[in-house]
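Below is one structure, written out as structure tokens, with a few remarks after it.
The values are calculated or read from the model by the stated rules, or taken from the named source; none is laboratory data. Computed from a predicted structure; not experimentally measured. Quick reminder, even Gly has a Cβ in these numbers, built from the backbone with ideal geometry, and neighbours come from all protein chains shown. These accessible areas exclude ligands, DNA and RNA; they are computed on the full protein's heavy atoms, side chains included. Shrake-Rupley method; radii C 1.70, N 1.55, O 1.52, S 1.80 Å.
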Amino acid sequence: MFGNLFEEDEEEGFSSPSSKGRVAKGGDEPPPARGRSNLCGIKNQGGTCYLNSLLQTLLFTPEFREELFSLEPEELGCLEDKEKPGAKVRVIPLELQRLFARLLLVDQQSATTADLTDSFGWNSSEGTNQHDVQELNRILFSALEHSLVGTTGSTFIRRLYHGTIVNSIVCKECGNVSQRQEDFLDLTVCVCGVSSLEEALWNMFVEEELFEGNNLYRCAQCDRLVTAAKSAKMKKLPPFMTMSLLRFSFDFAKCERYKETGRYSFPLTINLRPFCEQTDGEDSDYSYDLFSVIIHKGGCYGGHYHVYIRDIDQLGQWESPEEDCKPKTQRKVKQEVKEVCEPKLQEDDPLSVLTAIIAQEPSKSVLMDQLGQRLMDKIGSSWSKRFRKHYGPIGKFLQSHSDVFMLVSGGTRVALKANLPSPVTEPPGPAEQATNSDPSAASDKGGPDQKPEPEPEQGSHWFDLNDSTVTSIRESDIEKQFQGKESAYMLFYRKTQLHRPSEALNNPQYKVPSHLVQVAQEENIKLQQMREKFEATNNTVELHLHLAPSYRLENGALQPANKEHNGSTTLSFDRRKTVGDLRLAIYQKQELWEGDMALTVAKSFPAGLHLYNTLTDDSVSLYRAGIYTNSDLFVWNGREVCGATILTGAEWEPVLLTVVRPFLGEVEQEMGDGVECEESRGGFENGGLGLKREARGFSGGVTLGEVKEALGEPKESLLCQEHKGGKRGDQGAGEGGGASGWRVFPPDDMQRTLKELSLKDGDALLVLEPQSFDSSVFTLNGDVVTVTTPSDCRWLQVEFRPHGGSRAEGEVEEERRKIKVPATGNMLLCEVKQRAIEELQLQEQPPGAQYCLRQVDCTGKLLPPVCEELSVRDAAVRLMTTLTLCPGNAPKASQLFLHFSVGTAPSAGMEMDIIVEGTCTVKECLKAMLDAVGLDGTCWHLRRLDWCEEVGEPLMDEDACLSELKISSGETLVVTEGQLPPKGFLKLSVWLYLDPKNIDTDFNHTDNGHAEEQMSEVVTLYGSNMEDLRSVGQVEISDEATLEDLKTQVMTLPALQNVCVPTTAFMRMWQMEGQRLARLLRGQQLTLRKLKLTSGTDLCVQQLLKEEDLGPKEVLLNVKMGVPGERCYYPPEELVWDASRDSSPRSLRTCLAAHYGLSPDSLLLAKHQPDKHTWEEISNWSQQVSKKKKKKRTESLLGAPFHLKDGDTIGIKNLLIDNNRDFVTLEDEQGQQRLREQAEQRRKGGEAAGSDAAGLQKKAGQTKSRKPEVALSISVGEFR
């Protein structure tokens, strides 16, 4: 649920194993087969881990699974008929049957829930929304019960999961007992302040709650308020007991949700006898065994679910984790060997860390979305904190090291390559063979030396099912989920007396309908055919064969004898065949080959072809020999090529060096192949000396002295390497200075090899004879030779763009002319511009036309004009680069070149330009910009662009100069309308709540024209009361002002002059979100900063008939009483409920009973959900009190699942006179129908409209807000 670890690199991607080891010939890779556990996982659709965990629990509940499979097609219908009008097809149970059959019988690593979620009525976005698994458990069971109405399975949910609780109240004076029963699907148990499940159950079912003091109970027999005791007991125990742990709580001090992460233990076997009403049965009647633990990892706003499950029918292959199943002495010896053999992990080297992580895995691979967590476990820090700054995203790092890492299993796992970068290949070890799943190794399994599988430990067969991944765990691992951010969230217990028949063990087909078995078998056959076809078409490798007669040894490497042909031929071959088969195939193609034939792995280098190891074992497959597609093989006799002995191996890899010698233009006119004179790259200003370069290859194992001999140089000659140490300033010249430095090799280096000197392809080697220092071109200073030659960097390319930045319509390529201007590092840029204008013949342009030189960045965007008073070197312009000549003026050294726009952030290429002095003030800069666009007035100010190219903070100090504010050339400023806001001031929009009863009397006779103009905008809010709001203007106020100050200033708005408010206590103020009343502001003396109001917030004021000062725990509710016998309500009333001492349902019911003058026991309450047009009934009994700790164990209505807040609507039914317990009205049914129609429209084609709307929102520059929480629902058809 945390999303893909490499999502930022999806566009980049890097080579999959097929691109290295095989030739992909089309077709998608078939889904992988089941792993070693022989159990099937479930794919995560993006946010459905909560659904996957619950489905796996239901699958491994044998009784549930068999009840579901017992439903016949005649009862459920046929999925093929679901689109037919009038057909009653019970889609949800049918899809659940199909999914369970796939999970049990189809040989694939993971199954998809797409068909099942489609049957729920979920659209594509539902798969990415996070939801609560406890909520899903209730909703899914309710959907199944509704789907199975009228079938033989209509009661199986109730038979398996429903239990009964008896709530009793005993009068302490007359002994009268009042009892009420209620059913439960799962028990919600408290976590906060409780250390174990047993303690929570004790508080719920053993402790009594006393009604005494101010909290007395009205006894029906005594007919007065008396002292009483309330308790609860379980009357009927279901076969399966589900415990939902209340891990999430609400902190009223911080006004935020949080997760309880303290230790909370639960037993593997629990006896519920102490909590039951009847206790005279056998112990087995009350004993339950734990078989499933759903675990939540993360916080209260997001996370990930997975599940620990006991495989009751032993359908999977349980294996003890590798380390713990070995004897203690063996583990100790292995650890000592590991410490000796493995070097210490270099935690600062990401390549070393990631390689170690993957190498330590038994499968030699890691799931891509788990790599970040493994890294955190290994070094105690995340990739972003430790390595991202220097190495970039982890995905790009893996991509840049594709010689070490590769993607396997369809891109879901990352593994180490079987061969390191060196082409010297060896047959991989057993672990690597298992990792790479060599096709030829299939016959090696099950040999006579194979050891039998170890017997499962007592109490084992526990598995961790984490979406697609299934791993074996120990029973002791469950204790790790008692506490922490990753901890148990739901517990599933099974009656101990439930026994499984022997024929169900190790039999996944047990009780599965025959038609589903047949479908699974057909799917397995299809998968097998797909895998065979995929292997057949993806095991062909293309080999490049290099025949010895076509090569000769030159410069330490093999070169093609014919320069026009590379000497290689391509051969397609099955990598599952052996080296002997390949040798035979080559013999058949080369009929004229005589003598022995050796096949040697080769690799092409810039210097030529080099040989490594020879394939000598004819019985090994190409796969095991490390031969992949595009591998190079050299075919020869194994001894010599054209009479020359060939040195093989990595230590003799050839290096292509650039040999540099002095060159006299008048004397040395002839140069051979591969020689390049720097005169040809630019010409000399005054003739004279230059440098000639020649590419020469040498074996990496030869010494530097042998290189000097091969070059034919005398012993007194000096060999120099291009000087790369030190700063530019130490080399005598800058970027355009025309000088370069070389380090002289000391005499000791003459005996060292090129590999030891770390010389690599392309390195330059300067050869100087002693007389070379007679020229002023070469200067020796210690061991550094400085070469000053005007041919190093002598030109700048100038491109003329007559239309400035971007290509205008109708501009042809010829108009963008390019010329080369001779230049040096000391030349002024104004001279460069003048030469370019002359060569481009722009003097004939209209007189007075101005041009400037501008650099271009890597994206093609024009940078600010360069200062023409500076030299090429001082302006940091690199020679041999391109400058653009554009219309416009160039800034002086003291000036700034700025972009600006008016009103909004500029689009690319649409901003305007201006040149101002760096010492001018913000006010002067603003005036210059206004003059440039023809605007006047003082109601303007300047703002900068923020990091995401949006209008940011204003420049507050108008008298500060631009250089003091660190504004540099190329920055963009936005001219914004309005006075400069004072520091700490907020700009708030104000709306007025209109009571429909008072609209006519208060506002139809206003005489204020401005008020009419302000109130012309009317917004009708959808909700329970359809409030009318009207805009009345805006206020600007300091964030240090109090709420009372804000109300006072709001009353000064012209549109509110006719509203009669004696004091601010007669005014209620709401904060709005999305044009709906969201939060009631309370606390007259609290500052706006403490109320967390920000600039741009919408506020709504409401006139009151009496004073009001609500406390922090007083909730303002809209309550409405149902009309007896009708599906409607009396007009709503406002009620202030004090929840400071008690926020339980009983407290709210008592408050409402006092308001209406009724008995609390006669009231039925429900909360209205206006977005879904549904009502959520509030339970009667939900509170227990512990006598031991005198602490309330309360189900607070301010927390889950009701979250009561200001403005919520509470419906009330008086059961004494109204038998209708349904709160839904006709308007609610119409609203639900509209929602279903809208969902159907979105499903059929609303995605395109949604993407267009998202695009419009993005263009409008709206800020990104937190994704709102979406209620979970499952759509079920009518089957009554």
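If you filter region 945-979 down to residues that are touching a Ser or Thr at 6+ places or on another chain (Cβ under 8 Å), in a strand (DSSP E or B) and not hydrophobic (A, V, I, L, M, F, W, C), you find that the one that is nearest to V1035 (Cα to Cα) is P954. A residue that is buried (at least 17 other Cβ atoms within 10 Å of the Cβ), aromatic (F, W, Y) and more than 17 Å from I586 (Cα to Cα) cannot be found anywhere in region 631-642. The residue list D183, D223 contains one member that is open to solvent by 40 Å² or more (accessible area, probe 1.4 Å) and at positive phi, which is D223.
Residue-wise test of (1) outside any loop (DSSP other than H, G, I, E, B); (2) more than 43 Å from the chain's Cα centre (by Cα); (3) on the phi < 0 side of the Ramachandran plot; (4) modelled with pLDDT of 90 or more.
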residue: V517; (1), (2), (3), (4): yes, no, yes, yes
residue: A520; (1), (2), (3), (4): yes, no, yes, yes
residue: E532; (1), (2), (3), (4): yes, no, yes, no
residue: E535; (1), (2), (3), (4): yes, no, yes, no
residue: P549; (1), (2), (3), (4): yes, yes, yes, no
residue: L558; (1), (2), (3), (4): yes, yes, yes, no
residue: S572; (1), (2), (3), (4): yes, no, yes, no
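Scanning region 1215-1229 for residues that are among the aliphatic types (A, V, I, L, M), within 52 Å of the chain's Cα centre (by Cα) and exposed (fewer than 12 other Cβ atoms within 10 Å of the Cβ) gives a single hit, L1226. When E813, E844 are checked against the criterion of being more than 50 Å from the chain's Cα centre (by Cα), among the charged types (D, E, K, R) and modelled with pLDDT under 75, E844 stands alone in meeting it. If you scan region 578-602, which residues turn out to be buried (at least 17 other Cβ atoms within 10 Å of the Cβ) and either assigned to a loop (DSSP other than H, G, I, E, B) or among the charged types (D, E, K, R) (or both)? Those that are buried (at least 17 other Cβ atoms within 10 Å of the Cβ) and either assigned to a loop (DSSP other than H, G, I, E, B) or among the charged types (D, E, K, R) (or both): none in region 578-602. Residues of region 346-359 that are touching a Lys or Arg at 6+ places or on another chain (Cβ under 9 Å) and open to solvent by 50 Å² or more (accessible area, probe 1.4 Å): E347, D348. From the list L930, L942, the one residue that fits, being assigned to a strand (DSSP E or B), open to solvent by less than 50 Å² (accessible area, probe 1.4 Å), modelled with pLDDT of 80 or more and hydrophobic (A, V, I, L, M, F, W, C), is L942. The numbered conditions (1) touching a Leu at 6+ places or on another chain (Cβ under 9 Å); (2) at pLDDT 85 or above; (3) open to solvent by 30 Å² or more (accessible area, probe 1.4 Å) are all true for K82 except (2). Which one is nearest to the chain's Cα centre (by Cα) among residues in region 880-894 that are surrounded by fewer than 18 Cβ atoms within 10 Å (Cβ to Cβ) and in a strand (DSSP E or B)? The residue in question is T882. When residues in region 895-926 are screened for being assigned to a strand (DSSP E or B) and polar (S, T, N, Q), 3 of them pass.
Of the residues making up region 612-630, those that are touching a strand residue (DSSP E or B) at 6+ places or on another chain (Cβ under 6 Å) and open to solvent by less than 20 Å² (accessible area, probe 1.4 Å) number 4. Take region 751-764 and flag every residue that is outside any loop (DSSP other than H, G, I, E, B) and modelled with pLDDT under 90. Across region 751-764, the qualifying residue is only A764.
Looking for something loosely packed, with under 15 Cβ neighbours inside 10 Å and within 21 Å of Y305 (Cβ to Cβ) - is there at least one such residue anywhere in region 120-131? So far as region 120-131 goes, yes, one or more of its residues are loosely packed, with under 15 Cβ neighbours inside 10 Å and within 21 Å of Y305 (Cβ to Cβ).
Can you find a residue that is over 32 Å from the mean Cα position of the chain (by Cα), crowded, with 20+ Cβ neighbours inside 10 Å and either part of a helix (DSSP H, G or I) or of a type in the set (F, W, Y) (or both) anywhere in region 148-156? Let's see the steps before the verdict.
Initially, region 148-156 is screened for residues over 32 Å from the mean Cα position of the chain (by Cα), giving 148-156.
Among the residues that remain, those that are also crowded, with 20+ Cβ neighbours inside 10 Å are: 148, 153, 156.
So of that shortlist, the ones also either part of a helix (DSSP H, G or I) or of a type in the set (F, W, Y) (or both) come out as 156.
Taking every residue of region 148-156 in turn, at least one turns out to be over 32 Å from the mean Cα position of the chain (by Cα), crowded, with 20+ Cβ neighbours inside 10 Å and either part of a helix (DSSP H, G or I) or of a type in the set (F, W, Y) (or both).
For region 1037-1063, the candidate set comprises residues that are in a helix (DSSP H, G or I) and modelled with pLDDT of 85 or more; within that set, the residue that is surrounded by the most Cβ atoms within 10 Å (Cβ to Cβ) is L1046. Evaluating L935 against the criteria (1) among the aliphatic types (A, V, I, L, M); (2) in contact with a Phe, Trp or Tyr (Cβ under 8 Å, 6 or more places away or on another chain); (3) open to solvent by 30 Å² or more (accessible area, probe 1.4 Å) leaves one unmet condition, (2).
In this structure, does Y288 turn out to be open to solvent by 10 Å² or more (accessible area, probe 1.4 Å) and in a strand (DSSP E or B)? When the stated conditions are applied, Y288 does not pass them.
From the list R138, R102, exactly one residue is crowded, with 19+ Cβ neighbours inside 10 Å, within 37 Å of the chain's Cα centre (by Cα) and in contact (Cβ under 8 Å) with a residue 40 or more places away in the chain. Which is it?
Values: R138 fails: crowded, with 19+ Cβ neighbours inside 10 Å.
On inspection, the qualifying residue turns out to be R102.
Checked against the criterion of being open to solvent by 40 Å² or more (accessible area, probe 1.4 Å), in contact with a Pro (Cβ under 8 Å, 6 or more places away or on another chain) and farther than 19 Å from S487 by Cβ, region 243-254 has at least one qualifying residue.
In region 820-833, the condition of being modelled with pLDDT of 85 or more, assigned to a strand (DSSP E or B) and open to solvent by less than 30 Å² (accessible area, probe 1.4 Å) is met by at least one residue.
Of everything in region 187-218 that is acidic (D, E) and part of a loop (DSSP other than H, G, I, E, B), the residue that is surrounded by the fewest Cβ atoms within 10 Å (Cβ to Cβ) is E212. Applying a threshold of 7 Å to beta carbon distances and a minimum spacing of six or more residues, or different chains, the list of pairs starting in region 111-134 at a residue that is on the phi > 0 side of the Ramachandran plot and ending at one that is assigned to a helix (DSSP H, G or I) reads G121/A1239.
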